[in-house]
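Asks: Handing you a structure now.
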Amino acid sequence: MFIHAPRKLRINALLLGLGVLLVTLGFNALLSVSTLNTLAADLILSGYRSGGERLASDIERGMRFGKPLHSYAGMQEMLAELRQTFTGIRRVTVTDAQGTPLYTLPEETPATAPAATASPQGDGANGGATQKTTQGYRLTIPLEYKTLVGHVVMDIDPALINTATREYLRWSSLMLAGACLVVGLILAGRLGLLTSGRGERVGLGGMTRALLVIIGLTQLLYCCGTLALFDTFIKQAMRTKADILAEATGRDFEYLIHKGVDIAHLRGKEQALAQLVAANPELAGAALVAPNGQEIAIAGQVPDAALTVHKPLNSYWPSRFRQRQEVMSLELALRPQAITARIASLALDLGASLLISFLLLLELSKLLGLIALRSAPPAEAQAAAARATAPLAVQALRAAGFVFFVGYDMGISFIPLLARKLYEPFLGLSENVAIGLPISAEMVSAGLALLFSGSFTQKYGWQKVFAAGTLAAAVGLIAGGLSLNLPMLILARIAAGFGFGLVLMAAQIGTLGKANAGAGLASVFAGIFSGSICGSAAGAMLADHISFQSVLCVGGGMILLALFTVLLGREPGSPAALPGAESAAPHSQRPSLFAGGMELLKDPRMHMVLLLVGIPAAICLTGFLHYLLPLRLANAHVDQSDIGRIFMLYGLCFITAGPLLGRWIDHRKDKSLFLTLTGLLSGITLLLAAKGDNMAGAAASVIALGLAQCLIAPASMLCVLSLASAQKLGREKTASIYRGLERVGQVAGPVLFGLAIVAMPPAHALLLMGGVICGLAVLFQILWRVNAPER
């Protein structure tokens, strides 16, 4: 697909290409910074936590000897020693079980005492909690004497963590600037901007492919450089933790040395070092070494001197005119395997971020092709559009769906957290019930929009419904960002959910009247899932740096770009109207919103599709993927990041296999075969999950489920639209009625799976339900054949 490319168009293409590079690599860089910040905080705070746990142990020992917590003699001295030992502790507080401060250092009035210490939530690993605050981090360690009696709360200065993050961000920015310079020169040469006679004709398809190759390789090289930077900064973070541990342990030994204890003949020193190593998996060994190099005590191994932290231990002379004298040193050796494990974990995270940024690149390159085509001379743009493999309206709908869901799903990971933050007593409901209301209201609103969007589309045209849904969702997100209380957030999510339902159905209805509707539907769903994956990752990353409300406002602004994107789908040379305007019926012929639906609802073949395949597949989707699978993986002690990667496989099925399966569906006349295959794959999903609850079994079951949903998304719609009752009703109302009824299965899925695992073991429930779904698929094929209309 070649067009005559004036210099202005080539310059625009270069700027757009560099914009795509900045967005994708910048997205990758920010994800990497967020990951490093999390890991550095985990490492460094664990060193502070060890000091807090030692203080808690000392306090608990004193309580066992009769010291009451409310009048604990010597408590202020113990807090002062902790702050002197661990630099970076802003404040340390001891509270009672209700969170009321009892002792604080530095001392302050109760009005200015640290808040949010009551009833802290445990992190499960160490019985305490870690909380990020506006001034740093807060560690909470429980105090127990027969029962929970209080907490030790430490406020930590974030300087050590932020320093590593800022330094990493500086190096990443230099790498990003270098990548932009190199890629800019390559693209300029490719577009003929560096020569006088070359590049007069530019292939748009070739340009987007070159963009994918060049920027894709740049992303890969950038990730390799990021891993090298991670290795350096993770070692630095581990050394920081080792310095903290060495300072605390060294003070204990120096105290004994000052008291005149001969450490070389002290019993129990090896056990103390062994406990230190056992409590910190980042340490390979610890040793006390004399100035002449002789080992006084050792625990574990010291495999690499370059990864060893040295802490000199000094004796204190009575006279202030005498200097301290080093009598031995404490050496803490870092475990190389721990560094390797961290880097391997980071490589997986970077692989996920590389995949996300590649999806972003793929969709933005398609958008770039549409923009370049729109900028071309009309005659050549029309010829290029005629050679395109998909109608321009379908390409624009895919791009618009991607842009819309990037913005919409930015808040998907923290809406319950925002609801908890805004919670106040509401209608007499408990907190756990009230914070679930925004999502519940959103789902109900989306269901209503799905049910009525077909009638709206038939009356006003899908393009107006798409625009109305985009505006409603944008208003809902921005209103959510401005919400001051829970009722306002609920109303905002109702508006957002209604817009979501309108856009989702308008995007599907807009493809049904085009050629190769199956491939078109699959392509639109691929764009939607690409946007959902990128949006949820971007929103979670931004929420680490700005407020939840700000992220929602950013998402609302992003959604409005979908209106501009869908404009790119109008045919070159046509009037400047939204694509799909022809789908609106003339005013005199516009049907009632509720007319004609009963004939479709009475059609037995529609019931076969819905009851034997559609609803069982929907039950399998929400009941297994969204309800049972996360519980089983969590019970199998699978990391949350790995669970997230498993869920990404589902979206990747739509992005990679969906378009291929859509074209396959278009080429086959009998669509019912694909519905049968959908039911069988849905049943196989549950059978695979029943046989294995590990990562491999979960991945296989999610892939099977993803393929099943890729098939049913276009096949069920095309199969229902082929019915005589559907053709009489119209594709818009048929599509919305069917999707609305199919949603019953999505609502019922978690409930049915919950009842099943209460009645029997999960493996037995999965086997039974998988067998039933496979049986229903076979029954559908038999009944569909038997009840086929005579020709």
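Asks: For THR240, THR87, THR565, write out the residues from largest to smallest accessible area, computed with a 1.4 angstrom probe and no ligands counted.
Replies: Ranking THR240, THR87, THR565 by accessible area, largest first, yields THR87, THR240, THR565.
Asks: Would you pull out the residues with amide H under 5 Å of ILE435's amide H, same chain only if 5 or more places away, H placed 1.01 Å from N?
Replies: Correct list: empty.
Asks: Ok, one more. Classify segment 635-791 as rounded, prolate or oblate, taking a ≥ b ≥ c as the square roots of the eigenvalues of its Cα gyration tensor: rounded when a/c is under 1.5, otherwise prolate if a/b is larger than b/c and oblate if not. The partial results should precede the final answer.
Replies: Values: a/c = 2.04, a/b = 1.65, b/c = 1.23.
The shape class here is prolate.
Asks: Calculate one ³J(HN,Hα) per residue across segment 257-268 by plugging θ = phi - 60° into the Karplus curve 6.51 cos²θ - 1.76 cosθ + 1.60, and present them in order as whole Hz with x for glycine and proline.
Replies: Result, rounded to whole Hz: 4, 5, 7, x, 6, 7, 5, 4, 10, 6, 7, x.
Asks: Protein chains only, probe 1.4 Å: how do LYS602, LYS691, LYS235 rank by accessible area, largest first?
Replies: LYS691, LYS602, LYS235
Asks: So how much slack lies between ALA228 and THR656, counting 0.36 nm per residue of separation and subtracting their Cα-Cα distance, in nm?
Replies: Length gained between ALA228 and THR656: 151.0 nm.
Asks: Heavy atoms only, 1.4 Å probe, whole protein assembly: order SER46, SER725 by accessible area, highest first. Mind showing how you got there, number by number?
Replies: Details: SER46 35, SER725 10 Å².
My answer, sorted largest first, is SER46, SER725.
Asks: Here is a further query. Just going by the charge dipole of segment 416-533, with Lys and Arg at +1 and Asp and Glu at -1 on Cβ, which of PHE426, VAL524, LEU450 is farthest out on the positive end?
Replies: The one lying farthest along the dipole's positive direction is VAL524.
Asks: Read phi for every residue in segment 222-233 and hand back ³J(HN,Hα) as whole Hz from Karplus 6.51 cos²θ - 1.76 cosθ + 1.60, θ = phi - 60°, with x for Gly and Pro.
Replies: After applying 6.51 cos²θ - 1.76 cosθ + 1.60, I find 4, 5, 5, x, 5, 4, 4, 5, 4, 4, 5, 6 Hz.
Asks: Tell me, what HN-Hα J-couplings in whole Hz come from the Karplus equation 6.51 cos²θ - 1.76 cosθ + 1.60 at θ = phi - 60° for each residue of segment 44-57, using x for Gly and Pro?
Replies: Whole-Hz 3J(HN,Hα) from phi for segment 44-57: 5, 5, 5, x, 5, 4, 4, x, x, 5, 5, 4, 4, 5.
The values are calculated or read from the model by the stated rules, or taken from the named source; none is laboratory data. Given the structure is predicted, the values throughout are model-derived calculations rather than measurements. Cβ atoms come from the backbone with ideal geometry, glycine included; neighbour counts cover every protein chain shown. These area figures cover heavy atoms from the full protein model, side chains too; ligands, DNA and RNA do not enter into them. Shrake-Rupley method; radii C 1.70, N 1.55, O 1.52, S 1.80 Å.
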